[in-house]
Amino acid sequence: MKNKPRIVVPSKDFRFFKSEAKRIKKESHVPHYQALEIVAKTHGFNNWREVSIANKPYNIIENAYKNGCLVVFDIKEASESILWGIDDDFIKHEELIFDVVEKELYQRFSDSTDEDDDQGRVMKDIYTEVELQEQFQELYHYNYSFFLIKNSENMSLEKLLVRLKEYSFWPPQFLWFKGKFTSTYYLPATDNDGKTLGIRM
């Protein structure tokens, strides 16, 4: 009976698998391709090709994270066409994108000021690690949708924000553009001529 392959392999695991293969090749004196096959079967795959296929979705997202654009909308503000994944400009990978950006998001969340704290302390100075994780997971899983924007590598940030107006009256909550995190929450909603139509309070 064949093993059932895992659906996705994060790139950090993919790199670890390859390092395992190098070690096996050196210690067992087997060809590199054979070492890769051994590693694949050790981790529940039928062959190394399945591992490569399982890593491809992460490769696409990580490339967008570094060189393209990942956008995060409030689920109450984005249009149904992107929330339901029927718009060709957007790729919706909630869990995969969140997995790629989670470490950075959590650090930003922990270092942010608690708006309800009279002393103006940051979250990590008020709550335990368990409490922080609970609040973080609840905030990002129930309020936001994560998207990869296709064909954004050669666009400027200004042109990208103009493009996003087609899908939401409000700008996104934040985004990653060519590797840089940008908060767009406080940007006003504008028309195509740049006239302000609304400001978030």
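The values are calculated or read from the model by the stated rules, or taken from the named source; none is laboratory data. Keep in mind that what you see is a predicted model, and the values were worked out from it rather than measured. Backbone-built Cβ (ideal geometry, glycine too); neighbour counts: all protein chains shown.
Values for this structure:
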item	result
Test: residue in the range 65-72 that is of a type in the set (Gly, Ala, Ser), surrounded by 17 or more Cβ atoms within 10 Å (Cβ to Cβ), closer than 30 Å to Ser156 by Cβ and modelled with pLDDT under 90	no
Meets criteria (closer than 16 Å to Ala64 by Cβ and in contact (Cβ under 8 Å) with a residue 24 or more places away in the chain) for Phe147	yes
Residues of the range 158-184 that turn out to be hydroxyl-bearing (Ser, Thr, Tyr) and within 18 Å of the chain's Cα centre (by Cα), as a count	3
Of all residues making up the range 157-180, the number that are surrounded by 11 or more Cβ atoms within 10 Å (Cβ to Cβ) and over 19 Å from Ile60 (Cβ atoms)	16
Contacts under 9 angstrom Cβ, first residue in the range 169-180 being on the phi > 0 side of the Ramachandran plot, partner in a strand (DSSP E or B) and surrounded by 17 or more Cβ atoms within 10 Å (Cβ to Cβ), 6 or more apart	Lys178/Cys69
Every pair of residues 6+ apart whose Cβ atoms lie under 6 Å, when the first sits in the range 97-122 and is modelled with pLDDT under 95 while the second is in a helix (DSSP H, G or I) and among the β-branched types (Val, Ile, Thr)	Ile97/Ile61; Val100/Ile61
Search result, residues across the range 166-201 that are within 24 Å of Leu105 (Cα to Cα) and among the charged types (D, E, K, R)	Lys178, Lys180, Arg200
Wholly enclosed helices (runs of 4 or more DSSP H) of the range 61-156 bearing at least 3 residues of a type outside the set (A, V, I, L, M) and out of contact with any Ser or Thr (no Cβ under 6 Å at 6 or more places or on another chain)	94-111, 129-143
Counted residues, the range 95-150 - those being surrounded by 15 or more Cβ atoms within 10 Å (Cβ to Cβ), under 24 Å from Val8 (Cα atoms) and among the polar types (S, T, N, Q)	1
Pick from the range 74-94, criterion surrounded by fewer than 17 Cβ atoms within 10 Å (Cβ to Cβ), of a type in the set (Gly, Ala, Ser) and on the phi < 0 side of the Ramachandran plot, ranking: modelled with the highest pLDDT	Ser79
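Each row is one residue, and each column tells you yes or no for (1) of a type in the set (Asp, Glu); (2) assigned by TED's automatic domain parsing to the domain that holds Trp170; (3) more than 15 Å from Trp176 (Cβ to Cβ).
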residue: Ile24; (1), (2), (3): no, no, yes
residue: Glu27; (1), (2), (3): yes, no, yes
residue: His32; (1), (2), (3): no, no, yes
residue: Ser52; (1), (2), (3): no, no, yes
residue: Ser81; (1), (2), (3): no, yes, yes
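This table checks each residue for (1) touching a residue at least 12 places away in the same chain (Cβ under 8 Å); (2) within 21 Å of Val8 (Cβ to Cβ); (3) in contact with a helix residue (DSSP H, G or I) (Cβ under 6 Å, 6 or more places away or on another chain).
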residue	(1), (2), (3)
Gln34	no, no, no
Ala40	yes, yes, yes
Arg49	no, yes, no
Tyr58	yes, yes, yes
